[in-house]
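All remarks here apply to the structure that follows.
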Amino acid sequence: MNSISSPSAAGAKAWSGRFAESPDARLERFNASVEFDIRLVREDIRASIAHVRGLGRQGIIPPEDARAIEDGLWRVLAEVDAGEFALTVADEDVHTGVERRLRELIGPVTGKLHTGRSRNDQVVNDFRFWTKRAQIELVAGLAKLAAALREVATANLDVVMPGYTHMQRAQPVLLAHHLHAYIEMLLRDIDRVRDAWRRTDRSALGAGALAGTTYPLDREGVAADLGFAGVTANSLDAVSDRDFALDTLYACAMILMHISRLSEELVLWSSGEFRFIELSDAFSTGSSIMPQKKNPDVAELGRGKTGRIYGDLVGLLAVMKGLPLAYNKDTQEDKEGLFDAVDTVLTMLDIYPPMLKTARFNEQRLADAAVADFTLATDAADVLANQGVPFREAHAVVGRLVGQCIAEGKTFADLTDAEWEAIHPVFATHRPPLDVLASVNARDVIGGPARRRVEAALAAAGEQIAEARVWSDERRAAMDALFMPPAQSQHE
Ligand code: ARG
């Protein structure tokens, strides 16, 4: 395990020349970001490799020094991957810690690595690099959840259920149509993450501390070496902007908002009041006192965690709102919220698919509820309107019919021919469907619940899910390749 330790190695920093006194232990602890920015260590090392290669290519430092530093950095990366890398609070942050370790391995030539670079462009570049990897995994996870919902929808194409407005039974729909609504939300979430990716995909190296650098850096070459599509266009903006993190936090908040709505339905549907669904034992929990209880804790926690992730988004927005250009140490606060949000979303995208795929739907209960409370009343009004009765009048006629049925304790199915005719003469010859599926299939518009429309929508969603998988697989492979030491990749 890579580790963080607290003992201070006072005066260990390579760049503490200006200071006569060593740092107070409290300052050191307060200032340090090692505890969380250790998560950027691989990105930091790989970005340093690209930077030093650029320095060598441009003749800014001798090519043999660049090679020695690069070789040393690959050794540090190997230590990280072996779980042997350790940071201390005296390192302050991961950037200084990596450089310190490099110096221990290869000696004073290490001092040339930081030519034409500042921790300010370094940290934001590392964070962009890390965020791109997170975005790849978010898209992959979203595709998995969308695919699980699609699988459940496809396996239940004949299941009807009540659609609701105001949480009152309104009109019957297919369960698959209801589930497809969530698939559409997730597909838009995928689009949102990919949109964030486009803006994250810019290398900040070369922005320096704030005002660029006097060295003839090959910014584009370094960016390409790291798989970035391009470079930032303003050095002040580059070191201070955290939009890419906020875009990603917003996408995470939105993903969880959608999953939270689904969770709310899972909680309701598992209740004795609904009994629409039974979650498998493997994804349910018990009570310490009530032996009969089977609780949907996963869905409740998913709903609850959503609140905390909104906090991560609002937290970083608040950090940023008062910051003058350019770099301010405040932005060190950018990382924990995004780490938390990405970790939480990825965990949820991992647990929801198996929970949904192992849930059992109570078809009879859903079908009974689908026809209850006069959910076919709109169909009855449509019958009249189709025969030339103005819809408003048809609405009033059927409204009276529903009132009469309620008063007499009847449903539409109990009415005699004479009763239908008495309500309106058109009903002598034309009747609304009493069968829910007929009602559902009659609502045959694009985006509607008719079975053939739902099948078409699920097919289209399947293509979009497959495309998202290709997007994330390709990018993950390209990113993994960046971290292969040259010798290893030559042997392949
Ligand atoms: N740990 C710092 C951060 O996260 C790295 C940059 C520090 N730069 C500085 N000038 N102190 O922002």
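Just a few scattered comments:
- Residues of the range 301-327 that are among the small types (Gly, Ala, Ser), closer than 29 Å to Arg365 by Cβ and either part of a loop (DSSP other than H, G, I, E, B) or open to solvent by less than 30 Å² (accessible area, probe 1.4 Å) (or both): Gly302 alone.
- Asn125 under 28 Å from Asn328 (Cβ atoms), modelled with pLDDT of 95 or more and open to solvent by less than 10 Å² (accessible area, probe 1.4 Å): yes
- Scanning the range 15-46 for residues that are aromatic (Phe, Trp, Tyr) and either under 10 Å from Ala90 (Cα atoms) or part of a helix (DSSP H, G or I) (or both) yields Phe30, Phe36.
- For His51, the conditions (1) in a helix (DSSP H, G or I); (2) away from the ligand (no atom under 16 Å from the Cβ); (3) within 29 Å of Glu220 (Cα to Cα); (4) not aromatic (Phe, Trp, Tyr) are fulfilled apart from (2).
- Residue list for the range 358-378, restricted to those being more than 30 Å from Pro296 (Cβ to Cβ), touching a Leu at 6+ places or on another chain (Cβ under 9 Å) and outside any loop (DSSP other than H, G, I, E, B): Ala377
- Residue in the range 78-101 that is nearest to Leu27 (Cα to Cα), counting only those that are away from the ligand (no atom under 16 Å from the Cβ) and surrounded by fewer than 21 Cβ atoms within 10 Å (Cβ to Cβ): Ala86
- Condition broken by Thr165, with the remaining ones in (1) open to solvent by less than 60 Å² (accessible area, probe 1.4 Å); (2) more than 16 Å from the ligand (Cβ to nearest atom); (3) of a type outside the set (Gly, Ala, Ser) satisfied: (1)
- Within the range 328-358, restricting attention to residues that are hydrophobic (A, V, I, L, M, F, W, C) and open to solvent by 20 Å² or more (accessible area, probe 1.4 Å), the residue that is nearest to Glu35 (Cα to Cα) is Leu346.
- Qualifying residue in the range 354-371 (condition: within 16 Å of the ligand (Cβ to nearest atom), among the aromatic types (Phe, Trp, Tyr) and touching a helix residue (DSSP H, G or I) at 6+ places or on another chain (Cβ under 7 Å)): no
- Where helices (runs of 4 or more DSSP H) fall entirely within the range 198-300, those with at least 2 residues that are open to solvent by 10 Å² or more (accessible area, probe 1.4 Å) and free of Cβ contacts under 8 Å to residues at least 60 places away in the same chain are at 219-225, 243-270.
- Hits in the range 402-459 - residues which are of a type in the set (Gly, Ala, Ser) and open to solvent by less than 30 Å² (accessible area, probe 1.4 Å): Ser439, Gly448, Ala450, Ala457
- Verdict on Arg133 being away from the ligand (no atom under 12 Å from the Cβ), within 19 Å of Leu246 (Cα to Cα) and either open to solvent by less than 10 Å² (accessible area, probe 1.4 Å) or not hydroxyl-bearing (Ser, Thr, Tyr) (or both): yes
The values are calculated or read from the model by the stated rules, or taken from the named source; none is laboratory data. All figures in this text were calculated on a predicted structure; none of them were measured in a lab. No Cβ is skipped: glycine too gets one built from the backbone with ideal geometry, and neighbour counts run over all protein chains shown. Each accessible area value is taken on the protein alone, full model and side chains, heavy atoms only, with ligands, DNA and RNA left out. Shrake-Rupley method; radii C 1.70, N 1.55, O 1.52, S 1.80 Å.
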